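A.B. asks: Please see the structure below; I have some questions.
The values are calculated or read from the model by the stated rules, or taken from the named source; none is laboratory data. Here the structure is a predicted model, which means the values were calculated and not measured. Neighbour counts are summed over all protein chains in view; Cβ atoms, including those assigned to glycine, are modelled from backbone coordinates with ideal geometry.
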Amino acid sequence: MKNLLTFILLTISLSSLGQASGNDKWNFKKYLSDSATSKLAKDIFNDNDWNLQNEVLAFLDSLSAKDKLARPFYFKVVTKSYKKADGAYAEGLGNAGKNYVENNTKEFLNYFTDKKTFTKKELDDWAGIVMLEISLVAENADKDVFNKMIKNLNSNCKDCTAEQQKILNYFIEQLNLQWKELAKSSNK
């Protein structure tokens, strides 16, 4: 009986916490209010003015951090950082982004099932992020690198939900469009 009462109280407490935080599914508020979260990460997340610094490269490691609760926050930060990606950061972003998408395909797709938080525009941006790396490693528009990635993505999604599969198909379509542009420009 005591265990049942403890369980009920814990459930009510957790439910209240979820309501008080506005059902913050991705725990964004936690990281935005945490003093350990860097000012740069918060500025990027909140669309404040920011400049690329060496510190921003550390965000890329957070995509596959062991702390899985932190991943969505840093996924959003990395996604938003794409608009200012250039030079060394663009190279690091492309490499980390491609590796993340290939190694965490279902997690990646799951973010985009939440259309209020992760937008179609951001999914398009992720196609651009991945193409940063593919364009570097696929010399003379060698399609083997590209085809291998598409094969890996499809293989990683064998047991995806219908919605995840739909998002993956759209993502692959965007990659194909960008690949064609890359092939066109390298043939000039």
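A.B. asks: Just to be sure, is Phe59 under 20 Å from Asn27 (Cα atoms), modelled with pLDDT of 95 or more and in a helix (DSSP H, G or I)?
C.D. replies: Working: under 20 Å from Asn27 (Cα atoms): yes; modelled with pLDDT of 95 or more: no; in a helix (DSSP H, G or I): yes.
Spelling it out, it is not the case that Phe59 is under 20 Å from Asn27 (Cα atoms), modelled with pLDDT of 95 or more and in a helix (DSSP H, G or I).
A.B. asks: Just name the residue that is surrounded by the most Cβ atoms within 10 Å (Cβ to Cβ) out of those in the range 78-112 that are outside any helix (DSSP H, G or I) and at pLDDT 95 or above. Steps first, please.
C.D. replies: Our first condition is that a residue be outside any helix (DSSP H, G or I); within the range 78-112, this holds for 85-86, 104, 112.
Then drop every residue that is not at pLDDT 95 or above, which leaves 104, 112.
Values: Asn104: 17, Phe112: 21.
Looking at the filtered set, the residue picked out is Phe112.
A.B. asks: Applying the selection to the range 64-77, what residues are in a helix (DSSP H, G or I) and either closer than 21 Å to Phe146 by Cβ or basic (Lys, Arg) (or both)?
C.D. replies: Matches in the range 64-77: Arg71, Lys76.
A.B. asks: With the requirement that a residue be within 22 Å of Thr113 (Cα to Cα), at pLDDT 90 or above and in a helix (DSSP H, G or I), what does the range 1-55 give you?
C.D. replies: Phe28, Lys29, Lys30, Tyr31, Phe45
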